[in-house]
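The values are calculated or read from the model by the stated rules, or taken from the named source; none is laboratory data. Quick caveat: nothing in here was measured; it's all calculated off a predicted structure. Glycine gets a Cβ as well: all are built from the backbone with ideal geometry, and neighbour counts include every protein chain shown.
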Amino acid sequence: MAKAAVTDEAPLTQTLLVNFYVLLRQWPTTTILLLLALRFLIRRYLSPLRKYPGPFLASGTRLYSLILTARGRTHEDHVALHRKYGSIVRIQPNQLSFSSPEAARQILSPGKGFHKTNFYWVFPPYNNPDIFTEVRENVHATKKRFVNQPYSLASFQALAPWIDQTIKVLTRKLDFYAERSTKTIDLGNFLHWFAFDVLGEAAFSSSFGFVEQERDVDGAIKFIDTVQQYDGIVGQIPFLDYLLRRSPYWDYLPFVSPLTNNYITRTALGQMTAREDGTAVVGRRDLLSQLFEAHEKDPEKFDKGSVFAVAHGAIFAGSDSTASTMQTFMWNVLNNKAVYDKLTEEILAADRNGDLGEIVTWEESQKCLPYFQACLKEAMRVGPAVGLAIYRKVPGAGTEIDGVFVPGGTELAVNAHVLHKDQAIFGQDADVFRPERWLVKEGDEKGEARIKAMDRHMFQFGGGAHVCIGRNLAILEMNKVLPQILRRYKFELNYPGRPMKKHSTFFVVQEGLEVSIEKR
Ligand code: HEM
């Protein structure tokens, strides 16, 4: 019987293949289009995700999310999609986006098996992924064990004198403009350059010199933005990377700059060599030297490639993110006169009382500037630096999320811009910048519980095993530089009410924080 079935089937398969070949030869375009249409319909109607609402195109092809990402407005578009379709949106044939902060907590919580998707696999470096780009969870966990200490708050606090030094360069530059008759500057640029220079100091004991030169040296910022655009867009259909950047022909394209040929990578490589051959005299335990120490403890598990990848990756992950957060903070504060007045009064009062040193320290900021803390949190709530979603995969056979069963292998997307607008957690006015929501009178237990709930549902740094490891540095430098410049200068937006131009394919890159500046 079995033998007969095989011989019956073989001619059928053969006939189908022959017919298909004939069709393909005679009407290639029509046949391919028909096949694509068939694939689209199968994905749309036969998938277990078919019951979830979302844009028609998104249910059958990943091109939808690729185009959406390429538009560069996912920080708004994802919010609009959830407002239109509800709390769960089918955003790709095999991907659901969740808007509930509670669902995000579950998806991002450690130890539950929700691992990173191949979206991250597109981000370089390819041969030795860093903490951010590593998608093999066990390898990620091993690498993370070695970098936890170098990335700790204590390690970065020990580098505070060099953050202060960068603040001094910044204020020297700002003083120059504040004392001129034309006092207009693009504060956004200065903050962007500052974030880079701090990373240079923290990672390599060497400022990149952006603030000093008041420019994007060697087009490094532009380069990172271009790489990021590629990553965010191609990351929507990761296999395309094989045809593009991973193809041997990519580097020969006229408009392409090879990944290693940029100022940041050259600086990192130079520092690696100088440390190895002993020509660099480093008088501090910067990130790179601590990573070398970790390597020496266990050279096999944490090799030199990892030392380089982690130190280099810090610049890519930590520059635009911190810059964007500081720009959001300044724009929102300056655009709300009552907030600006209250905040500057708090800082100036602390100054008058002698509570602040020459440059604001972490401790002073934490102890004496509660309204500043509220403003910073609120800025990170209304304008998270990552404008795209972050992605995880459902483990095993599937699980229940937000009250529905989601099959194993389904990709999940959560976007902090969506999550932070949840009215049940953040209040009816969740769309509005209002730092007061983070303040509560002493003894108001209900208010305290509300703030704790808000805190638990903030995702500007992601969450779980992949929570931003560089947040200690970002928070530290912002706690120093932002109060320091508000203390030293009066700022006014040149175009009050005009939002900054935003573009996001991963981090939200912003332009147009033009202000007038005057010394106090
Ligand atoms: C305000 C500034 C920052 C924001 C808003 C931010 C945001 C984030 C977010 C949302 C993630 C999680 C991404 C995901 O799960 O897909 C992340 C991860 C990461 N960030 Fe940051 N980041 C900031 C600053 C920094 C800095 C200064 C550094 C380095 C010094 C850094 C290094 C990293 C690394 C290495 C990861 C990967 C962590 C892992 O997967 O274990 N970030 N960041």
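Return yes or no: is THR344 of a type in the set (Ser, Thr, Tyr), more than 27 Å from the chain's Cα centre (by Cα) and farther than 30 Å from ALA141 by Cα? Spell out the reasoning first.
Numbers: of a type in the set (Ser, Thr, Tyr): yes; more than 27 Å from the chain's Cα centre (by Cα): yes; farther than 30 Å from ALA141 by Cα: yes.
For THR344, the condition - of a type in the set (Ser, Thr, Tyr), more than 27 Å from the chain's Cα centre (by Cα) and farther than 30 Å from ALA141 by Cα - is met.
Among the residues of segment 413-426, which ones are surrounded by 14 or more Cβ atoms within 10 Å (Cβ to Cβ) and of a type outside the set (Lys, Arg)? Selection gives ALA413, VAL414, ASN415, ALA416, HIS417, VAL418, LEU419, HIS420, ASP422, ILE425, PHE426. Only residues that are of a type in the set (Val, Ile, Thr) and either touching a Phe, Trp or Tyr at 6+ places or on another chain (Cβ under 6 Å) or under 19 Å from ARG471 (Cβ atoms) (or both) were counted across segment 157-215, and they come to 5. Looking only at residues in segment 442-495 that are more than 25 Å from the chain's Cα centre (by Cα) and among the basic types (Lys, Arg), which one is surrounded by the fewest Cβ atoms within 10 Å (Cβ to Cβ)? Looking at residues that are more than 25 Å from the chain's Cα centre (by Cα) and among the basic types (Lys, Arg), I get LYS446.
Scanning segment 258-294 for residues that are surrounded by 14 or more Cβ atoms within 10 Å (Cβ to Cβ) and assigned to a loop (DSSP other than H, G, I, E, B) yields LEU259, ASN262, ALA280, VAL282, ARG285, ASP286. Filtering GLY219, GLY209 for residues that are touching a residue at least 24 places away in the same chain (Cβ under 8 Å), at positive phi and more than 15 Å from the ligand (Cβ to nearest atom) leaves a single hit, GLY219.
Listed conditions (1) within 11 Å of the ligand (Cβ to nearest atom); (2) surrounded by 18 or more Cβ atoms within 10 Å (Cβ to Cβ) are all met by ALA103, apart from (1).
Identify the residue in segment 295-313 that is crowded, with 20+ Cβ neighbours inside 10 Å and of a type in the set (Gly, Ala, Ser) and, among all such residues, is farthest from VAL198 (Cα to Cα). Filtering first and then ranking leaves SER306.
This table checks each residue for (1) more than 12 Å from the ligand (Cβ to nearest atom); (2) at pLDDT 95 or above; (3) in a helix (DSSP H, G or I).
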| site | (1), (2), (3) |
| --- | --- |
| HIS78 | yes, yes, yes |
| ARG90 | yes, yes, no |
| LEU96 | yes, yes, no |
| GLY111 | yes, no, no |
| ASN127 | yes, no, no |
| ASN138 | yes, no, yes |
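Contact map, segment 346-362: residues that are acidic (Asp, Glu) paired with residues that are not in a helix (DSSP H, G or I), Cβ distance under 7 Å, separation 6+ or inter-chain. Pairs shown: GLU346/LEU369.
Those residues that are more than 6 Å from the ligand (Cβ to nearest atom) and either free of Cβ contacts under 8 Å to residues at least 24 places away in the same chain or farther than 12 Å from MET380 by Cα (or both), I need them from segment 459-470; list them, please. Working first, answer last.
Of the residues in segment 459-470, the ones more than 6 Å from the ligand (Cβ to nearest atom) are 459, 463-465, 467.
Passing the criteria: GLY463, GLY464, ALA465, VAL467.
Considering only residues that are more than 19 Å from GLY270 (Cβ to Cβ) and of a type in the set (D, E, K, R), which ones fall in segment 202-215?
Kept after step one, since they are more than 19 Å from GLY270 (Cβ to Cβ), are these residues of segment 202-215: 211, 214-215.
The answer is GLU214, ARG215.
If you go through segment 59-81 and keep only what is more than 25 Å from PRO384 (Cα to Cα), buried (at least 17 other Cβ atoms within 10 Å of the Cβ) and among the hydrophobic types (A, V, I, L, M, F, W, C), you end up with nothing. Contact annotation: residue pairs with Cβ atoms under 6 Å, 6 or more positions apart or on different chains, pairing a residue in segment 102-129 that is farther than 18 Å from GLY403 by Cα with a partner that is within 14 Å of the ligand (Cβ to nearest atom) and in a helix (DSSP H, G or I), are PRO110/GLY464; PRO110/ALA465; HIS115/GLU137; VAL122/ASP231; PHE123/ASP231; PRO125/ALA309; ASN128/ALA309.
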